[in-house]
Amino acid sequence: MGATSVAAQLRIGGHFVSAQDTFAGTQGVGVRVGFDPPILPFELMVSGEYFFTDCPPGESGCGRYGLTADANFRIVLPLVRPYLSAGLAYRNMDMAAPTQDEFVVGPTLGVGVDVGLSGLRLVGESRYEFMEAPDKQFVWRLGAMFEVF
């Protein structure tokens, strides 16, 4: 009997992100790092995102960014892996005046799927971030993860 191969444990990648509700919708880009224990049916994921926001009238120099930490519980299939996601999101809005900076933290729940190719996984997910208004929102992500080892 021979040894079976083990899936990659560390993945890095990037994604496009769209926040549906904040500022009547805003888009951005993100980076992500995932740790995938080879035998267990979950993946730990940390993502950082920057959103290209329109500044409110009379403001300049504003920006929106955030971090999320998630556990993705997946159904293990050969090529396609659907998953449920639960985690915590941190969002920050920088305004020109320092007294107007705001940040919020809240839980998230979502669903997603990743499709495996050789050394690459394409990812799509939808999630809801349960935060105080106006930051509670639906978020969509599309991206790619590369297997490091």
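Treating r as the C-beta distance of LEU88 and GLN9 and R0 as 25 Å, the FRET efficiency rounds to 0.65. Once the C-beta distance of LYS136 and VAL80 is scaled by a Förster radius of 35 Å, the resulting FRET efficiency is 0.70 to the nearest 0.05. Distance between the 7 Å Cα→Cβ label points at LEU122 and PHE35: 3.0 nm. Backbone amide hydrogens, once placed in the peptide plane, bring PHE42 within less than 5 Å of ARG74, excluding anything fewer than 5 places away on its chain.
Note on SER18 and VAL115: the extension gain reaches 32.9 nm, defined as 0.36 nm multiplied by sequence separation minus the Cα-Cα distance.
A short reminder: the numbers here are calculations on the coordinates, not readings from a lab. Quick caveat, the model's predicted, so the values are computed rather than measured. Cβ: placed from backbone, ideal geometry, glycine included. Neighbour counts: every protein chain shown.
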